[in-house]
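S.K.: Below is a structure I'd like to ask you about.
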Amino acid sequence: MATVTPALRDALSKSSEYELVTAHLSALLLSAPPSFIFVHDPENARLTSSVVSSILQAITVQNDAHVIISYACVNAVACFSPRILFDTVLNALARWTPDWHRSALNWPGERRYNDNLDAFVHGLQAVHAEGTSVDGIGKGKGKASERSRTTHRMVLVVDRAERLKDNSPELIVPLTRLSELAQVDITTIFISENQWQDIRPPLPTLDLLASAFPQPPPNTRISYTAEPDAYHPALRPLYAHFIATLYSACGPFTHEPTELAYIAAARWPGFVQPVLDAHRRRLHSIHLEEADEEERELEAEQNALNDPLKPPNEDVRLRLTRLFTSSFTSALESLYSRLTHASQWAQTHAPPEDLLALPPAHAPQALQAHTAALAAQAQSDGGGSGGAGLEALPRMAKFILVAAFLASTNPARSDIRMFGRGPDERAKRRRRKLGTPRKPKPGTTGTAVKIPQRLLGPTTFPLDRLIAILGVLLEENDAEARPAAPQYTLPGEYTEMEISRVALYANVMELASMRLLIRTSPPDRLDGTPTFKCGIGYELAGKLARDLGIILNDLMYEPL
C-alpha cells in the first residue's frame, strides 16, 4: 500500500472538509476528553488516522501551558501480539527510540513492562509520573503553583482497531478502560473501517464517544493527488483534465488518494509525452539545415525562450483522452493489485515518438503495436509476468529456488551421483551383463519411450532433501562471495552454519507464500517433514543459475 506523505497529511488536516473535525478534536483533547473515543471511517480509515496524528502533533507543538500532551499512534496490524503493542506504546509515550548503542532496549532500559497487562499498567503509571516530573521542574512557590495547574495527558491512538478482534481480543476491553485501570489521565482512540458493534466483545465496556469523519467530495480527492512538481505550469490544465479522466475510470473501484496518485504517477509521463514531443519538434523545425552543431544549440536555446511551452488546445486533449482512456483500467488492474510496480508499467506502456504527428485514424493502431512490442521485449528480457521480481530476490532465495528446481527435476536416487563429493565421486553405473536381447512383442517397436521429467512437471521433495542440495550448491558456488569468518576452520563448517539458520527456513516459507515454491503437505501437520514442489520452470531456473554462476546442465540428471 502507498504511504501517506507528510505533505498530504498536513493538507488533509488543513482542508475545509476536516477543519471542523480538527477544531472539535483539538478542543476536546485540551479540555476534558472522555476515556475512550471511537472513530468510524468506512472508506479511508488510513487517511483519517493520518489526520488524527497530524492534529496530535500540532497540539504537541503548540505547547499549551495548562495541558501537556504526549501521544502514541500504533497500528493493530503491525502490533500483532500484546508484547509488541505494549512496547510500542510505552516507547512512543516516553519518546524513547531503541538503538544499537543502548543494546536496542525498550523503555525504560533494564526493567520490562511487557510481560502482561498488569505490567503494562504499571508502565503507563511510570511514564505519567516521569512526564509530570519533567514538565514540572523548577523551584519556588511560583513554579510549584504552576506545576499544580499543569496537566500531563496521554493519548493512545490505535489504527485498524478491527484487527485486535483477531490478534488480541483480550485487550479490547482493557484498552478502552485504561484511564480507570491505571488511574492516570489517558484517552484511547480507536480508528476503524468497521462499526463498533462489529468489534466490541460481549463484555461490558465504557460508554464511548463515537465520531464519523466527513468524506471529501470527488473533486477534493482529485486535488489531493496533484503533486506540485508533476507538471510544467503550462500543463496544469492538462493535468487537471488527466486526473478527472483517471478518477472517472478508477473511482468506482477505489477512492483512496494515495492509490489514485500511484496510478497517476505511472500513466502521466506517457500521457504528456506526445505534447512534449510536439513542442520539441516545433522547436527543431525552425533550425537551419546548413547550421553547425554550436549554432543549432544556440538557436534552440533562443527558440525555447521565444517559444515557451503552451497548454494544448481542446482538440489535443480530446485526442489524448481517446488514446489513453483504455490504459487507465489496465493500470488499475496491474498497479492496484501490485502485480507490478509503477516504473515498470510506465516503461512497458510508453507511447511511440511523435504520436500526435500521426493521422488520427492510425494513432490508436500505432500505440497498440508499440505497447505490444515493449511487452514482448520485456517478456524476452525476463521481466514479464513469469519472472517479474526475481532479480530483486535475495541471494539465498535464488540459491533455494535453483536447489528446488534440481530437487523437483532429478530423481532422488541420483542425488549421490549428481551431488556426491566423496572418494567415489560420480561413479559409473554398473553395466548390465551382455546377453541375448529379448525379442519385442508383436505389434510393438521393442523400445519404451521415456519422457523427460522436465516435460512431466515438477515432483515433490521433502525439506531435508532441499537443504542437502542447497548445502552442496553453497559450498561449491558461494564460498568466494561470503564474508570472512576465521572462526570456521573445518571444511564445510561455514556451510553447515548457513543452512541451519532460522533465516533460511523463513526464506523457504516466504517463497512458498509467493507461490515460487508450492507446499504439498498440510501446513497444520506437525509430524513429518514438509514437502514442496518447485514453482518455476527451466528458463527462470537457468536465469537464476547464470546469475549465481552455477552450470545448471551439469547438475541435471537429464541435461538438455
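S.K.: Among the residues of segment 517-531, is any part of a helix (DSSP H, G or I), farther than 16 Å from P411 by Cα, under 33 Å from the mean Cα position of the chain (by Cα) and among the hydrophobic types (A, V, I, L, M, F, W, C)? Steps first, answer last, please.
M.R.: If we filter segment 517-531 for residues that are part of a helix (DSSP H, G or I), which is where we start, we get none.
The answer is no, given that none of the residues of segment 517-531 is part of a helix (DSSP H, G or I), farther than 16 Å from P411 by Cα, under 33 Å from the mean Cα position of the chain (by Cα) and among the hydrophobic types (A, V, I, L, M, F, W, C).
S.K.: Show the residue pairs that are 6+ apart or on different chains and have beta-carbon atoms under 8 Å apart, the first residue being within segment 296-323 and open to solvent by less than 90 Å² (accessible area, probe 1.4 Å), the second being at pLDDT below 60 and of a type in the set (A, V, I, L, M).
M.R.: Listed pairs, sorted by first residue: E299/I286; E299/L288; E299/A291; N303/I286.
S.K.: From (1) over 17 Å from S70 (Cα atoms); (2) at pLDDT 90 or above; (3) surrounded by 15 or more Cβ atoms within 10 Å (Cβ to Cβ), pick out the condition that doesn't hold for E146.
M.R.: Evaluating E146 over (1) over 17 Å from S70 (Cα atoms); (2) at pLDDT 90 or above; (3) surrounded by 15 or more Cβ atoms within 10 Å (Cβ to Cβ) leaves (2) as the failure.
S.K.: Just checking, how many residues over segment 478-505 are aromatic (F, W, Y) and open to solvent by 60 Å² or more (accessible area, probe 1.4 Å)? Spell out the reasoning first.
M.R.: From segment 478-505, those aromatic (F, W, Y) are 488, 494, 505; that's our starting set.
So of that shortlist, the ones also open to solvent by 60 Å² or more (accessible area, probe 1.4 Å) come out as 488, 505.
Selection size over segment 478-505: 2.
S.K.: Please enumerate the residues belonging to segment 469-502 that are under 19 Å from G420 (Cα atoms), more than 33 Å from the chain's Cα centre (by Cα) and not in a helix (DSSP H, G or I).
M.R.: L490, P491, G492
S.K.: OK, next. Would you call S54 under 24 Å from the mean Cα position of the chain (by Cα), buried (at least 18 other Cβ atoms within 10 Å of the Cβ) and farther than 25 Å from V173 by Cβ?
M.R.: Working: under 24 Å from the mean Cα position of the chain (by Cα): yes; buried (at least 18 other Cβ atoms within 10 Å of the Cβ): yes; farther than 25 Å from V173 by Cβ: yes.
When the stated conditions are applied, S54 passes them.
S.K.: Cβ contacts < 7 Å: first residue at pLDDT 90 or above, restricted to segment 449-476; second residue surrounded by fewer than 15 Cβ atoms within 10 Å (Cβ to Cβ), any location; separation 6+ or different chain. Result?
M.R.: Qualifying pairs under 7 Å: T460/T520; P462/T529; L463/T529; D464/T529; R465/A412.
S.K.: Now for a separate question. Taking segment 243-261, which residues are open to solvent by less than 60 Å² (accessible area, probe 1.4 Å) and part of a helix (DSSP H, G or I)?
M.R.: Taking segment 243-261 first, the residues open to solvent by less than 60 Å² (accessible area, probe 1.4 Å) are 243-247, 249-251, 254, 256-261.
Once the filter is applied, which keeps residues that are open to solvent by less than 60 Å² (accessible area, probe 1.4 Å) and part of a helix (DSSP H, G or I), segment 243-261 yields I243, A244, T245, L246, Y247, A249, C250, P257, T258, E259, L260, A261.
The values are calculated or read from the model by the stated rules, or taken from the named source; none is laboratory data. Owing to the predicted nature of the structure, the values given are computational and were not obtained by experimental measurement. We place every Cβ from the backbone using ideal geometry, glycine too, and count neighbours over all the protein chains shown. These accessible areas exclude ligands, DNA and RNA; they are computed on the full protein's heavy atoms, side chains included. Shrake-Rupley method; radii C 1.70, N 1.55, O 1.52, S 1.80 Å.
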